[in-house]
Structures are given as structure tokens and as C-alpha cells.
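Chemist: Submitted below is the structure of interest, expressed as C-alpha cells.
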């Protein structure tokens, strides 16, 4: 068993419940952790035997471009896409952080984490 971590993927997107968030947008960071069997890929040194993290990035990018009111929905859709594309995926965690959320106070970010296992 092994783990792929993709950290600090940056996106500008339009997720949020408030009208300004939907019109102006915001900066987001996405981190994912993918648990998968890496034994065959480690032995073969062949991308065909591995979970292709470039394809995982494309899934995240696609879902970040699809507007949502809630970060929970964004995380859930990313997990759906990852599990649909990668049958070798055992479990995954997705964290989506909204930078400078529209809260009456100083805050660097708010993060929603979702985890799923097969």
C-alpha cells in the first residue's frame, strides 16, 4: 500500500453561498491524499501500472471549475471523479481551502475535508 499526496493546488473559482462570492470569486487551495496499492508500479516502473496523478489533477481542476454553494459539495464531486476514474484507489481524502473567506473578522482560510474509502 502506498500514498500519493498532491498539495497546494491553486485555483480561482466561484464557490460560495453569497452573491459576491459567485460574482467576484476567490482563491482556493486543494490538497488530496490517495491511498493505493503501488507494488506493481514500483516493480514495473511503468505509468500504466500506476495511479496517474496528472489525471487526478485534471479531475480536481474540472470540479473546481464547476460552481457550488458549499465546499462540501466540491469535495464530494472530486471524490466521485477520483473513485470513478481509478479502480485501484482504496481511499482518498480531499481538503478544499477558501482563502480570505467572507467572514466578519480576520481569517486566513477555511478548509473542508472529506474522506472516502472503497
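Chemist: Is it true that some residue in region 39-58 is within 14 Å of residue 96 (Cβ to Cβ) and touching a strand residue (DSSP E or B) at 6+ places or on another chain (Cβ under 6 Å)?
Modeler: No, every residue in region 39-58 fails to be within 14 Å of residue 96 (Cβ to Cβ) and touching a strand residue (DSSP E or B) at 6+ places or on another chain (Cβ under 6 Å).
Chemist: While we're here: Any idea which residue in region 85-118 is surrounded by the most Cβ atoms within 10 Å (Cβ to Cβ), counting only those that are under 16 Å from the mean Cα position of the chain (by Cα) and not in a strand (DSSP E or B)?
Modeler: If we take residues in region 85-118 being under 16 Å from the mean Cα position of the chain (by Cα) and not in a strand (DSSP E or B), then 86 is surrounded by the most Cβ atoms within 10 Å (Cβ to Cβ).
Chemist: Given 32, 4, which one is in contact with a helix residue (DSSP H, G or I) (Cβ under 8 Å, 6 or more places away or on another chain) and closer than 14 Å to residue 116 by Cβ? Before the answer, list the steps.
Modeler: Working: 4 fails: closer than 14 Å to residue 116 by Cβ.
Residue meeting the stated conditions: 32.
Read-outs: derived from the displayed coordinates by stated rules, not from any lab. Bear in mind that the values here come from a model prediction, so they are computed numbers and not experimental data. Because the Cβ atoms are built from the backbone with ideal geometry, glycine has one as well, and the counts that use them run over all protein chains shown.
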